[in-house]
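**Q** This is the structure, below, for whatever I ask next.
The values are calculated or read from the model by the stated rules, or taken from the named source; none is laboratory data. This one's a predicted model, so the numbers in the text were calculated from it and none came from an experiment. Don't worry about glycine lacking a Cβ; one is built from the backbone with ideal geometry, like all the others, and counts go over all protein chains shown. Note: accessible area is taken over every heavy atom of the protein model, side chains too, but ligands, DNA and RNA are not part of it. Shrake-Rupley method; radii C 1.70, N 1.55, O 1.52, S 1.80 Å.
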Amino acid sequence: MAEDIYARIRALIAEGAYIGGDSIPESELATRLGVSRTPVREAMRRLQAEGVIRREAYRRAIVVDLDPNEVIHIFTARAALEPIAAGMAVPFADVGFIDALRDLHARMDYAILQTDPDRRAYRDLNAQFHRVIWRQGGNAIFSDLVNMVARKPVVSPTFNNWTQAELIRSNRQHEDVVSAFDAQDKEWVEAAMRAHLLSSRANYRRIGTTHKADARQDDWTYSESDHVAL
């Protein structure tokens, strides 16, 4: 029950039902999910520990809004940690594991090669792809550490801001990771995963630059309007 409620609340945030800066009353969530406040409270404590929400005055829960520049730092950490997790999975890369990765890769291709890419599906499948790899290494503590870092950007700008070309390139990198696992080449697996995450970081850097330019334009527009009003 508690795990399910936690996952459902995270999904509401990821899907934009609650965005950065929004207050999320426990009573409202309990009513929305049709449960008591106890599992909601437990889920909110977990989300707070992960940095997805924060507590303000009167213990109000607020969704944390990560800007693209903060996500860049998270991807820097992921680029250091996830290649290690991927390398740990190589000795356990059996046929079932590789087939699972290939299936996820194919489903991601289907999602992004449409005229209007299904970015939500790609996001969810991408998260599954990475989780499958972390867990295959057999070290629960390290897997949890990577998961804690990687899952924080749930409230950040998502694949909605990526171009279709960036999505396609990202999934080609997933294909490289699968090929490296199939070859049982630990160094290649680690290098492919690191390159993939650094490429993703570059995409968020582009998004951050775009947002800064938009903000400057908004400031200019506001100043112009203010001048006219005078």
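**Q** Could you grab me the full set of residues in region 103-118 that are among the charged types (D, E, K, R), without any contact (Cβ under 8 Å) to a residue 12 or more places away in the chain and more than 22 Å from ALA183 (Cβ to Cβ)? If you could, list the steps in order and put the result at the bottom.
**A** Of region 103-118, the ones among the charged types (D, E, K, R) are 103, 107, 109, 116, 118.
With the extra rule that they be without any contact (Cβ under 8 Å) to a residue 12 or more places away in the chain, the set shrinks to 103, 116, 118.
Those that are among the charged types (D, E, K, R), without any contact (Cβ under 8 Å) to a residue 12 or more places away in the chain and more than 22 Å from ALA183 (Cβ to Cβ): ASP116, ASP118.
**Q** Sticking with this one: Here is a list: ALA89, ALA100, ALA121, ALA77. Which entry is in contact (Cβ under 8 Å) with a residue 12 or more places away in the chain, open to solvent by less than 20 Å² (accessible area, probe 1.4 Å) and either part of a helix (DSSP H, G or I) or closer than 16 Å to ASN161 by Cα (or both)?
**A** Values: ALA100 fails: open to solvent by less than 20 Å² (accessible area, probe 1.4 Å); ALA121 fails: open to solvent by less than 20 Å² (accessible area, probe 1.4 Å); ALA77 fails: open to solvent by less than 20 Å² (accessible area, probe 1.4 Å).
Sole residue among the options that is in contact (Cβ under 8 Å) with a residue 12 or more places away in the chain, open to solvent by less than 20 Å² (accessible area, probe 1.4 Å) and either part of a helix (DSSP H, G or I) or closer than 16 Å to ASN161 by Cα (or both): ALA89.
**Q** For GLY51, work out the one condition from (1) in a helix (DSSP H, G or I); (2) at positive phi; (3) not acidic (Asp, Glu) it doesn't fulfil.
**A** That leaves (1) as the condition not met.
Here's the yes/no breakdown for (1) within 13 Å of PRO83 (Cα to Cα); (2) at pLDDT 90 or above:
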site: ARG123; (1), (2): no, no
site: GLY137; (1), (2): yes, yes
site: GLN164; (1), (2): no, yes
site: ARG172; (1), (2): no, yes
site: ASP218; (1), (2): no, no
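**Q** Please determine, by comparing only the residues of region 103-118 that are part of a loop (DSSP other than H, G, I, E, B) and more than 17 Å from the chain's Cα centre (by Cα), which one is nearest to HIS174 (Cα to Cα). First the steps, then the outcome.
**A** Of the residues in region 103-118, the ones part of a loop (DSSP other than H, G, I, E, B) are 113-118.
Subset that is more than 17 Å from the chain's Cα centre (by Cα): 113-117.
Details: LEU113: 15, GLN114: 18, THR115: 21, ASP116: 21, PRO117: 17 Å.
Per the stated criteria, the residue is LEU113.
**Q** Now, a different point. Return yes or no: is VAL40 surrounded by 12 or more Cβ atoms within 10 Å (Cβ to Cβ), at pLDDT 90 or above and not in a helix (DSSP H, G or I)? Let's see the steps before the verdict.
**A** Details: surrounded by 12 or more Cβ atoms within 10 Å (Cβ to Cβ): yes; at pLDDT 90 or above: yes; not in a helix (DSSP H, G or I): no.
In short, no.
**Q** Where residues in region 1-21 are at pLDDT 85 or above and open to solvent by 20 Å² or more (accessible area, probe 1.4 Å), which of them is nearest to ASP144 (Cα to Cα)?
**A** Selected residue: ALA7.
**Q** Output the number of the condition that ILE141 fails; it satisfies all remaining conditions of (1) at pLDDT 80 or above; (2) open to solvent by less than 60 Å² (accessible area, probe 1.4 Å).
**A** (2)
**Q** Quick one: VAL149 ticks every box in (1) within 11 Å of the chain's Cα centre (by Cα); (2) among the β-branched types (Val, Ile, Thr); (3) outside any helix (DSSP H, G or I) except a single one, so which number is it?
**A** Among (1) within 11 Å of the chain's Cα centre (by Cα); (2) among the β-branched types (Val, Ile, Thr); (3) outside any helix (DSSP H, G or I), the lone unmet condition for VAL149 is (3).
**Q** Still on this model: For region 43-68, name all the residues that are surrounded by 15 or more Cβ atoms within 10 Å (Cβ to Cβ), closer than 30 Å to ARG206 by Cβ and not acidic (Asp, Glu).
**A** LEU47, GLY51, VAL52, ILE53, ILE62, VAL63, VAL64, LEU66, PRO68
**Q** Something else now. Looking at this structure, is SER179 open to solvent by 10 Å² or more (accessible area, probe 1.4 Å), free of Cβ contacts under 8 Å to residues at least 40 places away in the same chain and under 15 Å from ARG102 (Cα atoms)?
**A** yes
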